[in-house]
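Student: First, the structure itself, so that you have it in front of you.
Derivation of every value follows stated rules applied to the coordinates shown; laboratory data play no part. As the structure is a computational prediction, the values presented were derived from the model and not from experiment. In this analysis, Cβ positions are derived from the backbone assuming ideal geometry, glycine residues included, and neighbour counts consider all displayed protein chains.
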2 protein chains.
Amino acid sequence: MDEPPIAKRLILGDPLASTDSDEHLLPKKRALPIFASDALSSVAYAPQELLLILLTGGLAFLAFAPWVAAAVIVLLTVVVISYRQLIKAYPSGGGDYEVARKNLGEIPGVIVASALLVDYVLTVAVSVASGVDNIISALPGLNPWRVELAVGFVILIVVVNLRGVREASSAFAIPTYIFIGSVGLMIVVGLFQIVTGNPPVASSAQYAVETQSLTQAAVILLVLRAFSSGCSALTGVEAVSNGVQAFRQPKVRNAQTTLAMMGGIAILLFAGLTAIALVSGVHYAENPCDLIGFDCSQPQPSLMAQVSAAVFGMNSIPFFIIQAATAVVLLLAANTAFNGFPLLGSVLARDGYAPKALNTRGDRLVYSNGMIILGLVAIGVLIVYQANLTNLIQLYIIGVFVSFTIGQIGMIRHWMRGIRGIRDLPADARRSASTRTELFGLRKGLVINSLGATMTASVLIIVTITKFTHGAWLVFLAIPVLSFLMVGVHRYYRDVDHEIAMDDHIHFGSTGDVALILVNKLQKPVVKAVDYALAAKHDKTFAVHVSVTKEDAAALEAEWREHRMPIPLKIIESPYRMYASPIAEFVKKYREEHGSAVVTVYLPQYIVGHWWESILHNRRARRIAQQLMLVHGVSITLVPWLLDSSELIYGRRSRALPGDDRAGRATAPEVHRVGRRAIRPAGPPENADAAEPTIPTKP
Amino acid sequence: MDEPPIAKRLILGDPLASTDSDEHLLPKKRALPIFASDALSSVAYAPQELLLILLTGGLAFLAFAPWVAAAVIVLLTVVVISYRQLIKAYPSGGGDYEVARKNLGEIPGVIVASALLVDYVLTVAVSVASGVDNIISALPGLNPWRVELAVGFVILIVVVNLRGVREASSAFAIPTYIFIGSVGLMIVVGLFQIVTGNPPVASSAQYAVETQSLTQAAVILLVLRAFSSGCSALTGVEAVSNGVQAFRQPKVRNAQTTLAMMGGIAILLFAGLTAIALVSGVHYAENPCDLIGFDCSQPQPSLMAQVSAAVFGMNSIPFFIIQAATAVVLLLAANTAFNGFPLLGSVLARDGYAPKALNTRGDRLVYSNGMIILGLVAIGVLIVYQANLTNLIQLYIIGVFVSFTIGQIGMIRHWMRGIRGIRDLPADARRSASTRTELFGLRKGLVINSLGATMTASVLIIVTITKFTHGAWLVFLAIPVLSFLMVGVHRYYRDVDHEIAMDDHIHFGSTGDVALILVNKLQKPVVKAVDYALAAKHDKTFAVHVSVTKEDAAALEAEWREHRMPIPLKIIESPYRMYASPIAEFVKKYREEHGSAVVTVYLPQYIVGHWWESILHNRRARRIAQQLMLVHGVSITLVPWLLDSSELIYGRRSRALPGDDRAGRATAPEVHRVGRRAIRPAGPPENADAAEPTIPTKP
C-alpha cells in the first residue's frame, strides 16, 4: 500500500488500522439511518410516480390510487417478513446472492448478483435525481444546473464514503431522523387539518388534465403500471440483509429489529403522504405541459414540496426544513448503495466472480475500488438520462425484484432441505420436543418465503410487462451481460489456479548465476546498483551499456576507468536506437554460450515525491524490464533510488552527502566514503562481500 | 518496448527498424506537399478573412483590399527570403527556437518554443475548421455536424501520422498537387473571363451590407485588422526551417529551393484568388445575418466555394474537384503541425525543457507522444470554439510572429558575431579574397534579417493591437505559462542530475546478503522464485508469509512440509489485513538485528497475454514492492511467470508440463523433474546451486 499523497490525506482522513474494525460496528440507532435511508427516502418519489402514471389516464383514475397504494403496502409487509427469515438463515451478509448461490447453484447466484449491482447503480441515480428535484422545488432558480448538481452530489457521496463507515454514519444519522420526524409531523398536521374540516389544498389542484378514453385492457395496464412505479417504495429493504455483519451483537436480532422498524416507518410515511396528496389534490404530470393552465417552462414542484406547501404554507420555515431533510435523506439513500455495492463486490471477488481488486480494502478500511466504480457508473447514467427521475424510475426495481424472487425461491429450497433432513431422522429423534419446535420453525419459514416468492414473482412479471418498452429493456440487457462476464471471470481464475497449481515434479534450476547492471550514465543510482549486485555475490557481475551513439559509449568507458568501477563494462551496439531488444538478444546469446544461467538484470528505479515528477522521468527502464521478463531465465532486480523530493513524503532519501554526518550516518549507516573500493569499518565477522574473492576491485 | 497488441498493429502498421530512417528522407517533390500544405492552404482562408474584416465597415471598404493584399505579399516575400538565410545558418532543424536559444539565451528560446507550440495547435484547429467549412460549402446538409466532423478529422490525421513519415507523404502529395493545379487553373480561367469581358459573378454579389460611418482612426484600425487577418497567409513558412534534416542531400540547398517554390506558389494563389473574389463581388460577412437579403439560417459558402462556383458554375464537376482538393489540402495542412510539433517537442526534451518521453520514438519511428498530445489539445480547442474559423483566426499567427521576430533578431546577432569575428582577424587575413566574399555574405544576411526583423516586429505590434481584445489575450496568457513550465522542467532536470552526479566518496555497502521470497499460496510461481533465489546463493534465503487468517497460515505450513520445500518458511502475523507494512517492519527489524544486510525481496510477477487479464490480477505484489522500496537496503527482484495466455503473444510460457517432452524440453531446457531437490543431469561443472552447502534440502 503506497503512502498516499497529502491531498488524498486531507480529503479522506488518516488511515485506519484494522484493529479499529470492531469499534466500527453499528448500534441499531446508527444502523437504522445507514441501512434504512434508501427504503425510507423512497416515499419521496414512490407516491409521486404512482399518481403520475394514473394521471396520464385522467383525473378520474386517481380513484384507483388508494387501492394501488394498499397493494404496495401489503407487498412491502410480506417482503419485510420474508427478509427477517433470510437474515436469520444467512447472517453472513451475502444476502440474496448467497442464498441463491448456496441453494440454487452458480448461475442463479450470478444473476442475482448482477441484478443487485445494476440496482445499486440505479439507487444512486434515482435517489440523487429525486434529491435534486426536491432542491429545485424549493429553489427553482437552480433548474438549469440539474445535471451538474446531480453529478456534484455523487462525487460528494463518494468522497464521504471513502472516508469510512463511522464518520459516514454520524453525518447521516441526524438528517434521517429529522426527515422521519418532520415528514411524520407533516402527516399528523395534515390529517388533523383534514379531520377538523380545514383540508390542505395543493398548488396544482387547480390544473386539470385531459381525460383519455381507454379500453378496459388499457385501464388494467395503467393501474398495473402505477403499481409498478409505486413498488419503488420497496427498494432498499434488502440492504439490511446484506449488512448483518456491520451490526453489533446480537447481530441477527438487531438486524431483524432494525428491518421491522424500517418497514413500519416506511409504511406509515408512504400511506400518510399518499393520503394527504390525494386529499389536497396534488396533480403531478409526466409531461408538465399536459397540466392545463400550468406554465410548463417552469419546473414542476415535487409531490413532497406540494404537500408540505399545502400543509405548512409555501416558503414557510417548516416547508424549507422538510425540503432540505428530504433532499438530504435522498442523497443519503444513495449512500446505502455505497455500502452495499462494494460489499457485494468484495464477496464476488472473494468467490472469484469479480476482479480481486474489489476485495482490497483501502487505507480507510473501505472497499475503495468498488465505491469509485459505482460512483463513475452512476454519474454516467445520470448524464445520459439528464437526471430525469421519471425516466430513471422506468429502469429501477427490476433488479430488486429479480433478486427478491430468486432469493425467495432459494429460501424455499433452504427450508425444504431442513424439513427433509428432519424426515430422514430416526423415528424417535423425529418425535422429540426440540425437533418438533425446529420443524415448526422450518415450516413457518417455508410458508412465509413461499408467499414471498409467489408475490415477488407476480410483481416481477407485472413490472416486466409494464416497464419493458419504457426503457427497462436496457436492464434486461445489462443483467445477462454482467452475469456472463462474472462467469467468464470465474472460469479465468479457475484456469489460472489450475495452471499454477503446485507440482512436485517441476523445477526451475540453472547452471550458473550472472548479474547484469544496466548503465546509461555513470551516476549515483548506478553505483548503488553495482554495490548491491556485488553484495549478492553472483558468479559473474558486469555492467552493460546499450550504445546508441559512439561518443556516449566512449565517454562512459572513460568515466568507468576514471572512477575505477569494480566490475567490467560491456558495450552493446544498437544502431537502431533501441534499448530492450539488444539486451534481450545479448542475454539469449549469453545463455546459449554459457549454459542456462539465471540472469539477474539490475535496474535503478527512481522514487519520487510528487505525482508530476513521474511525468518527467522516462519510462524506459520499465519498458526494458517488461521486455526482458519475456526472456528465459531472466529476473529483474529493481534498486530503488529515492530522489530528494521523496524525502518530503517518505522521510528519507537514498544517499549521504559527503561531510554531512547528520544526513549521512543518521539515516543511512551503511554508507561509507572511502573511495570506490569496498573498504568497511570494523564490523561483524560475516562481512561477506568484502571477503568475496571473485570481485575484481580494479579494472 | 512492449509488443503492441494486434489492434494497434492493424491501425498503425508494422514496426519499423531504425535502419529504415535514411530511406525515409524526402526528395523535394515529396517534401513540398508535406511542408508547404500549411502555407499554401492558408490561401483558402486568408483572403476570406481579409475581406470579411473590411466588409464590417461596409462595401466601400473593399477598395482597400488590393493594397492590404499587396502589403501581405510584400511581407511574405521578405519572410521567405529571411528564412532562406536561417536555413543556411542553422540547418539542424531547430528553426527559430535554436536561433533564439543560441544567439539570445535561454529565455528567448523558451518563449519562441512556447509560441510555436501554441501556433502548431492553432494551425491544426484553423486548418481543420476551414477544411470543414469548405466541405459544408459543397454539402450544406452536413452543417449540423460541424464540430463532430472537425474532431473526426483530427483523429484521422493523428492515426495517419502515427503510421510514420513515408506513408503520410505518399498519401499527401497527390491532393496537394491537385489543389495547386485546380486552383491555379481556376485563377487562369477566371482572369481569362475577366479579360474577355465576361467576368464571373459571385452568388453573394447581390447581398449588400450596411455602411458604418467610421472616424479616421477607426478606418485605420479596420484596415490594420484586415491586414492582420490577411497575414494568416504567412503561417507555415517556418515549417521548412524546422524540417531541414528531413530533406535529401544537399539538405540546405533542397530546403531553400523548396521554400522559394512554396513562397512563389503561395503568392500567386493568394493574389489571384483575392483579385477574382473582388471582381466577382464576393461578400463574406463575419455574421451572415449582416448580409442584407441572405437567409442567415443557412451556412455561408466559403470564399473559395463562391469563386469556384462563379468561375465554373455551382455544382459543376470542377467546383466539386476544387472544394474537395481545398478541403483535403487544409486537412493536410494540419499535418504540417504533426510534423513540426513532435519534432520541436523532441528537441525541447533533448535540451531538458520538456518531459523526456517526448524524445522517445514509437515503433513506427515517429514521436508518438507529441502527436497524441497535439491531437488532444487541438480537439479541445475545436470543441471550445465550436470549430468557428473566424473566432479561431483571432488567436492565430500571434505565436508565429512572436517566433518570426525573435528568430530574426537572433539572426542579426548571428551575423554581427560573424562580422566581428572577421574584424578581429589580423589585417592581412582580413584583406584576402575569401574573407571578403565571406564578409559580403555576412553583411547580406545582416541586411536581409534586419529588414525581416523590422517588418515582423511591426506586424507583431499591429497584430497584438488589433487582435488582443478579440480573443488573442488567451495566447498571451498561454505563451508565458508554457515558458514558465519549460524553465521549471529544466531546473528540475538540472537539480536531479546534480543530485545523482557521480561521487567517488559514496558507497552502498552492507554486512550481509539475505533473500526473502514472499509466499501467499504454494504455487508454481513461488517454486520458480525459490529456485531462482537459490541459484543466486544469497547468504540466507527464506520464505515469508504474511498471515491474515491463522487457518491459511497453518495450511501453508503443512503444504510447505509436505512438498519438502528447500528453504525455511517464516510466518508474519498481520491482524490488520495489511501486507506491505508487516514485511517492511520485519525487514527493518531484521536489519537492526543482523547488521545492515542487503535484503532482496523476491516477488513473482504474472505476465499476461491480454490487456483485460491485468484487471483480474491483484496489484498487491506491485503495491508491496513500492512500499518495500522505501525501506533501507531493500531491492526487489521480480521473477516473471508467463501465463498460458501470454504464449499467444510472446510465443512461450513459464512452465513445462510433466510428461510432455515437446512443451517441456524444447522451450525450457533448464526444467528438471526429479522432485523438489535440485537433481541435475550430467552438466557443466559450475553447476552452482546444487553444490551450495548452506541450503537445507529437507525441512
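Student: Among A:H414, A:H283, rank each residue by its count of other Cβ atoms within 10 Å, from fewest to most, as a rough exposure measure.
Tutor: Numbers: A:H414 22, A:H283 25.
Least crowded to most crowded, the residues run A:H414, A:H283.
Student: Lys/Arg Cβ at +1, Asp/Glu Cβ at -1, dipole of chain A taken about the Cα centre: which of A:A580, A:L522, A:P566 is farthest positive-ward?
Tutor: Looking along the dipole axis, the top candidate is A:P566.
Student: Quick check on the stretch B:30-493: what does the Kirkwood estimate of hydrodynamic radius come out to from the alpha carbon pairs, in Å? Please report the intermediate quantities before stating the final value.
Tutor: Values: mean 1/r = 0.0443 Å⁻¹.
Averaging 1/r across every pair of different Cα atoms and inverting gives 22.6 Å.
Student: Also: Which order do peptides B:25-38, B:173-186, B:400-413 fall in by mean Cβ count within 10 Å, highest first? Walk me through the intermediate numbers first.
Tutor: Working: B:25-38: 21.9, B:173-186: 18.6, B:400-413: 25.4.
Top of the packing list down: B:400-413, B:25-38, B:173-186.
Student: Take the Cβ-Cβ distance between A:I81 and A:E613 as r, set R0 to 60 Å, and report the resulting FRET efficiency rounded to the nearest 0.05. Don't skip to the end; give the middle numbers.
Tutor: Details: r = 60 Å, r/R0 = 0.99.
The computed FRET efficiency comes out at 0.50.
Student: Can you tell which of A:A324, A:A271, A:G141 lies farthest toward the positive end of the dipole of the stretch A:26-493, using +1 and -1 charges on the Cβ of basic and acidic side chains (Lys, Arg; Asp, Glu)?
Tutor: The listed residue farthest towards the positive side: A:A271.
Student: Dipole of the stretch A:536-625, Cα-centred, from +1 at each Lys and Arg C-beta and -1 at each Asp and Glu C-beta, to the nearest 20 debye? Spell out each step's value before the answer.
Tutor: On the way: 14 positive and 11 negative charges, 58 e Å.
Charge dipole, the stretch A:536-625, about its Cα centre: 280 debye, nearest 20.
Student: What percent do you get for the relative contact order of chain B when only Cα pairs under 8 Å and 6+ apart count? Provide the component values of the computation, followed by the final result.
Tutor: Working: 1049 pairs, mean separation 126.5, N = 699.
Here the relative contact order equals 18 percent.
Student: Please state the charge dipole magnitude for chain A, taken about the Cα centre, from unit charges on C-beta atoms (+1 on K and R, -1 on D and E), reported in debye and rounded to the nearest 20. Please report the intermediate quantities before stating the final value.
Tutor: Numbers: 59 positive and 51 negative charges, 264 e Å.
Roughly 1280 debye for chain A.
Student: Okay, moving on. Taking only the alpha-carbon positions of the protein assembly as shown and ignoring solvent, what does the Debye formula give for the base-10 log of I(q)/I(0) at q = 0.04, 0.07, 0.09 Å⁻¹?
Tutor: Evaluating at q = 0.04, 0.07, 0.09 Å⁻¹ gives log10 I(q)/I(0) of -0.35, -1.01, -1.27.
Student: If you put +1 on each Lys and Arg Cβ and -1 on each Asp and Glu Cβ, how big is the dipole of the protein assembly as shown around its Cα centre, in Debye rounded to 20? Show your work: numbers first, answer last.
Tutor: Values: 118 positive and 102 negative charges, 430 e Å.
About 2060 debye.
Student: Next up: Around A:L54, with a cut-off of 15 angstrom between Cβ atoms, what is the net charge of the other residues, counting Lys and Arg +1 and Asp and Glu -1?
Tutor: On the way: positive: A:R225; negative: A:E49, A:E210, A:E286, A:D290.
Result for the neighbourhood of A:L54: -3.
Student: Further question: Give a residue-ordered list of calculated ³J(HN,Hα) values for the stretch B:202-209 (Karplus: 6.51 cos²θ - 1.76 cosθ + 1.60, θ = phi - 60°; whole Hz; x for Gly, Pro).
Tutor: 6, 5, 8, 4, 6, 8, 8, 10
Student: Can you list, shortest first in nanometers, how far A:T469 lies from the same residue in the other copies, with each label 7 Å from Cα toward Cβ?
Tutor: 6.1
Student: Follow-up question, since we're still on this one. Taking a cut-off of 30 Å between Cα atoms, list the lysines near B:K356, but don't count ones fewer than 8 places away on the same chain.
Tutor: A:K8, A:K521, A:K524, A:K528, A:K550, A:K570, A:K588, B:K8, B:K88, B:K102, B:K251
Student: Using a 7 Å offset from the Cα along the Cα-to-Cβ direction at both B:R430 and A:E593, what is the distance between the two label points in nm, to one decimal?
Tutor: About 6.2 nm separates the two model spin labels.
Student: Right, another one. Among A:V158, A:V631, A:G243, whose Cα projects farthest towards the positive end of the dipole of the protein assembly as shown, with charges put on the beta-carbon of Lys, Arg (+1) and Asp, Glu (-1)?
Tutor: Final value for the positive-end residue is A:V631.
Student: Mind checking which chain A residue has its Cβ closest to the axis relating A to B, and how many whole Å off it is?
Tutor: A:T637, 2
Student: OK, next. Once you average over the residues of A:351-358, how many Cβ atoms of partner chains fall within 10 Å of each Cβ?
Tutor: Working: counts 0, 1, 0, 1, 7, 6, 6, 0.
Taking the mean over all residues of the peptide, I get 3.
Student: Which order do the peptides A:97-109, B:123-135 take when ranked by the mean count of other beta-carbon atoms within 10 Å per residue, highest first?
Tutor: Details: A:97-109: 21.3, B:123-135: 29.7.
In descending order of packing, they fall as B:123-135, A:97-109.
Student: Say R0 is 25 Å: what FRET efficiency, to the nearest 0.05, do A:E106 and A:W473 get from their beta-carbon distance?
Tutor: Values: r = 26 Å, r/R0 = 1.02.
About 0.45, to the nearest 0.05.
Student: At a 4.7 angstrom Cβ threshold, list every cysteine in chain A that has nobody to pair with, or say none.
Tutor: A:C231 - these cysteines have no disulfide-compatible partner (Cβ-Cβ under 4.7 Å) in chain A.
Student: Under 16 Å from a point placed 7 Å out from the Cα of A:E148 along the Cα-to-Cβ direction: which residues of the stretch A:324-342 have their backbone N that close?
Tutor: none
Student: OK, next. Contour minus end-to-end for A:I155 and A:W67, with contour as 0.36 nm per residue of separation and end-to-end as the Cα-Cα distance? Display every interim value, and only then the final one.
Tutor: Values: separation 88, 0.36 × 88 = 31.68 nm, distance 3.94 nm.
Extra length available between A:I155 and A:W67 comes to 27.7 nm.
Student: For peptide B:485-498, what's the mean number of Cβ atoms from other chains within 10 Å of each residue's Cβ? Walk me through the intermediate numbers first.
Tutor: Numbers: counts 0, 0, 0, 2, 3, 0, 0, 7, 2, 0, 3, 9, 2, 1.
Average per residue, whole number: 2.
Student: Please list, ordered by chain and number, the residues whose modelled amide H lies under 5 Å from the amide H of A:S547; skip anything fewer than 5 residues away on the same chain.
Tutor: HN-HN under 5 Å from A:S547: A:I572, A:E573, A:S574.
Student: Under the rule of at least 5 residues apart or a separate chain, name every residue whose amide H is placed under 5 Å from the amide H of A:A597.
Tutor: Amide H to amide H, under 5 Å and 5 or more residues apart or across chains, A:A597 pairs with A:T511.
Student: Name the long-range amide H neighbours of B:H507: under 5 Å, sequence gap of 5 or more, or other chain; modelled H, no Pro or chain starts.
Tutor: A:H672
Student: Okay, next question. Output the relative contact order of the stretch B:528-611, whole-number percent, from Cα pairs under 8 angstrom with separation of 6+ residues. Please list the in-between numbers first.
Tutor: Details: 56 pairs, mean separation 26.2, N = 84.
With pairs under 8 Å counted, the relative contact order is 31 percent.
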